[in-house]
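Everything below concerns the one structure shown next.
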Amino acid sequence: MYFERHQLVYLYPASWSALIEAHGDTRDLAEVADWAMFGRPLIARRRLCSDSKDSVPLGLPLPPSLGKRRLSFAAPLEAVASIASPPRIADVIDAAPVTWRPALEALLAVEPNTRCFGSLAWQFLTDLPYLSETSDIDLLWYASTLGDVDRIVAAIKPIDAASTVTLDGEIVTPGGLAIQWREWASGAHEVLAKSSDSNRLVARDMVFS
């Protein structure tokens, strides 16, 4: 089974206790011990050399109140109950601070399928306090052509300029390459493209090749 960056992975509750044993220092944290029982997801991460080839590499970002630690797990495939895409902005908008809503509504008008990850997504998914005064909005846009990318970036610029919160995020191609929107907006001839297994520089006009 292929897992994409930012994809949400839900485990069967019965399989969760075995993973917790690998992080004994978090065993007494109710927010972690009951993660799967409460139906909270983990997130697909890049495979490390220490991960076995038949395991599913997963991450769990703890909220600021628990030190913002990033826990890494490697679960057997049979532990996976389901997978899901990151939440849509339309779904999370009520979990956002009121001051963010003009920007979020403007983004929705530009691209209704805009999705988010990071602090806003995790607060929506878990009901735990991930957001702070310094939080950004981490966004995902999906594009099929160079024209789509140019259109999306041109629309984001004025929204970002008028926003009280920083708009970060990636534009994702059908091939799974993700490019930071600000880097694309800079006009660079080469852009850093992230994928599920590597990061590499790609010529601007070859992103969809």
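The values are calculated or read from the model by the stated rules, or taken from the named source; none is laboratory data. Please read all numbers here as calculations on a predicted model, not as lab measurements. A quick note on method: Cβ atoms are made from the backbone with ideal geometry, for glycine too, and the neighbour counts reach across all protein chains shown. We work out accessible area using only protein heavy atoms, side chains counted, and drop any ligands, DNA or RNA first. Shrake-Rupley method; radii C 1.70, N 1.55, O 1.52, S 1.80 Å.
Counting only heavy atoms of the protein chains and using a 1.4 Å probe, Thr166 has close to 60 Å² of accessible surface. Oblate is the label for region 80-135, because a/c, from the alpha-carbon gyration tensor with a ≥ b ≥ c as root eigenvalues, is 1.5 or above and a/b does not exceed b/c. Extension gain for Ser132 to Leu29 (0.36 nm times residue separation, less C-alpha to C-alpha distance): 35.0 nm. Its Cα centre serving as origin, region 30-127 has a Cβ charge dipole (Lys and Arg +1, Asp and Glu -1) of approximately 400 debye. Per residue, the chain exposes 51 Å² of solvent-accessible protein surface, assessed with a 1.4 angstrom probe and all protein chains in place.
Pairs of C-alpha atoms in the chain farther apart than 21 Å represent 56 percent of all such pairs.
Could you please state how large a percent of the accessible area of region 160-209 is carbon and sulfur, counting protein chains only and using a 1.4 Å probe? List each step's numbers first, then the result.
Values: 1320 of 2530 Å².
Solvent-exposed carbon and sulfur of region 160-209 make up 52 percent of the total.
The order of His6, His189 by accessible area, most exposed first and with a 1.4 Å probe, is His189, His6. Taking the chain as a Gaussian network, where each spring joins two C-alpha atoms under 10 Å apart, which residue of Arg45, Arg88, Arg69 fluctuates the most? It is Arg69. The phi torsions of region 63-71, fed into the Karplus equation with coefficients 6.51, -1.76 and 1.60 and a -60° offset, translate into couplings of x, x, 5, 10, x, 6, 5, 10, 8 Hz, rounded to whole numbers, with Gly and Pro shown as x. Computed per residue of the chain from DSSP H runs no shorter than four, each worth -39500 (n - 2.57), the mean residue ellipticity at 222 nm is -7500 deg cm²/dmol.
What does the C-alpha gyration tensor say about the overall shape of region 14-126? Classify as rounded when a/c is under 1.5, otherwise prolate if a/b is larger than b/c, or oblate. Could the numbers behind the result be given before it?
Numbers: a/c = 2.44, a/b = 1.76, b/c = 1.38.
Since a/c reaches 1.5 and a/b is larger than b/c, the shape of region 14-126 is classed as prolate.
Each residue was assigned an accessible area with a 1.4 Å probe, and for Asp34 the value is about 60 Å². Using a 1.4 Å probe on the protein heavy atoms, what percent of the accessible area of region 101-157 belongs to carbon and sulfur? Using a 1.4 Å probe with all protein chains present, region 101-157 comes out at 52 percent carbon and sulfur.
With all protein chains present, how much of the accessible area of region 1-98 (probe radius 1.4 Å) comes from carbon and sulfur, to the nearest whole percent?
On the way: 2860 of 5270 Å².
After summing per-atom areas, the C and S share lands at 54 percent.
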